[in-house]
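The values are calculated or read from the model by the stated rules, or taken from the named source; none is laboratory data. This structure is a prediction, so every number in the text was calculated from the model and none was measured. Cβ placement follows ideal geometry from the backbone for every residue including glycine, while neighbour counts extend to all protein chains displayed.
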């Protein structure tokens, strides 16, 4: 069985990387191989050079911070490359035109449905072929309300989901007025992996 997952997974957020890995490992235990789908590459970290006398004064401190962030960027990208399979498309349009076949497409986890930053990628709008199965797992809104101008977008996008799972009870409440589908509440995928298994990723 094959699944493609859309979620946050960037080196700038360790939590996003670990939740993506947690879901991958949980799916693998169920006999399902998975890859992440994205329409943008990992962000780069670049040093901003001084533009004023004041900037030059603080430049040594900035340079030290730059080396630390640059190292974090390198290690974060290496961890993702080693432990997660990511298929990156050069933009959302390219993804829509050539997205790969799968048994199921999964949205989640993390705050992928934050209303102020809602993306068609995380609502699986690119999945258009007849009979393709769309579900979410522990998706989070990260908000107390869905603005009126966003409600139709969510309603339309979730209409053809086979199953909807959110991370918080609040998320279920937000969807009650938008969809009549059953909405489950499930834990963050990081908790689907045992502490012993997470320790295997520790480095001295």
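Of everything in the range 105-145 that is at positive phi and not in a strand (DSSP E or B), the residue that is surrounded by the fewest Cβ atoms within 10 Å (Cβ to Cβ) is 131. For the residues 102, 155, the requirement of being surrounded by 13 or more Cβ atoms within 10 Å (Cβ to Cβ) and part of a loop (DSSP other than H, G, I, E, B) singles out 102. If the condition is being modelled with pLDDT under 95 and over 17 Å from residue 122 (Cα atoms), then the range 19-49 contributes 43, 44, 45, 46, 47, 48, 49. Please give the number of the condition residue 203 fails out of (1) assigned to a loop (DSSP other than H, G, I, E, B); (2) touching a residue at least 24 places away in the same chain (Cβ under 8 Å); (3) surrounded by fewer than 16 Cβ atoms within 10 Å (Cβ to Cβ). In the conditions (1) assigned to a loop (DSSP other than H, G, I, E, B); (2) touching a residue at least 24 places away in the same chain (Cβ under 8 Å); (3) surrounded by fewer than 16 Cβ atoms within 10 Å (Cβ to Cβ), residue 203 misses (2) alone.
On the basis of being crowded, with 17+ Cβ neighbours inside 10 Å and touching a residue at least 12 places away in the same chain (Cβ under 8 Å), does residue 76 make the cut? For residue 76, the condition - crowded, with 17+ Cβ neighbours inside 10 Å and touching a residue at least 12 places away in the same chain (Cβ under 8 Å) - is met.
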